[in-house]
Amino acid sequence: MSKPTASVALAASATSTASAPVVAESATARGRRARLALRAVQVLLALFYGIASALPKLIAHPSAVESFDRIGWGSAGMYTIGALELAGAVALLIPVLQSVAAMALSALMVGAFIVQLTVFDGQYAATPLILIVPLALIAWARRGQNARLWGLMQPRA
C-alpha cells in the first residue's frame, strides 16, 4: 500500500517540477515584452519631443513664434522651452537619466496644461495631460534604475 502512495507523491512532484519552469519562463517572457514595450514608448516619446515639439521652437517656426508671442514669453521663452524639450528627449534614451527626464518632461507638461487653460482658453489642454500618462509610467518603471546604477540598491533577484 505504501508503494502506490510513493508513486503518486513522485508523480505529483514530477508534475510540479515540470510546470515550474514553464511558469518562470512565461513570467520572464512577459517581463521581456513589457521592457521592450516600455522602451518603444520611450523612443516614440523621444521622437515626439525632439522632432514634433522641440524642433519647431528651435527653428523659430512661425506657428511657434506666434504662440509664444501670444503667451508673452517671446523668443527667449520659445528657445528655452525648445531646448528643455530636446534635452528631455535625449535624456529619455539614456538609461541613467530616463526617470529624471520623464519627471522633468511631466513638469513641463503641467506647465503646458496651465498655459493651455489660461492663455488659449483650454484649446488642446488635453494633449499635455495625455502625455503625462506614459511619462509617469516611465518614471515609475525606471525609478530604481538610477539607485542600482549608483550602488544605492541591491540588484533585483
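Just to be sure, is residue 10 at pLDDT 90 or above and part of a helix (DSSP H, G or I)?
It is false that residue 10 is at pLDDT 90 or above and part of a helix (DSSP H, G or I).
Just wondering, is there one or more residues in region 64-79 that are part of a helix (DSSP H, G or I) and either in contact with a strand residue (DSSP E or B) (Cβ under 6 Å, 6 or more places away or on another chain) or basic (Lys, Arg) (or both)?
Yes, some residue in region 64-79 is part of a helix (DSSP H, G or I) and either in contact with a strand residue (DSSP E or B) (Cβ under 6 Å, 6 or more places away or on another chain) or basic (Lys, Arg) (or both).
Results for (1) farther than 17 Å from residue 54 by Cα; (2) at pLDDT below 95; (3) open to solvent by 50 Å² or more (accessible area, probe 1.4 Å); (4) β-branched (Val, Ile, Thr), shown as yes or no for each residue.
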site: 104; (1), (2), (3), (4): no, no, yes, no
site: 128; (1), (2), (3), (4): no, no, no, no
site: 131; (1), (2), (3), (4): no, no, no, no
site: 142; (1), (2), (3), (4): yes, yes, no, no
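Any residue in region 42-59 that is buried (at least 17 other Cβ atoms within 10 Å of the Cβ) sitting within a Cβ distance under 8 Å of a residue that is of a type outside the set (Ser, Thr, Tyr) and not in a helix (DSSP H, G or I)? List the pairs, counting only those 6 or more apart or interchain.
Note: pairs meeting the criteria are 42/92; 42/93; 45/92; 46/92; 46/93; 49/92.
The values are calculated or read from the model by the stated rules, or taken from the named source; none is laboratory data. Quantities reported herein were computed from a predicted structural model and do not represent experimental measurements. Here Cβ is always computed from backbone atoms with ideal geometry, including for glycine, and neighbour counts include all displayed protein chains. Just the protein is used for accessible areas: all its heavy atoms, side chains included, with ligands, DNA and RNA removed. Shrake-Rupley method; radii C 1.70, N 1.55, O 1.52, S 1.80 Å.
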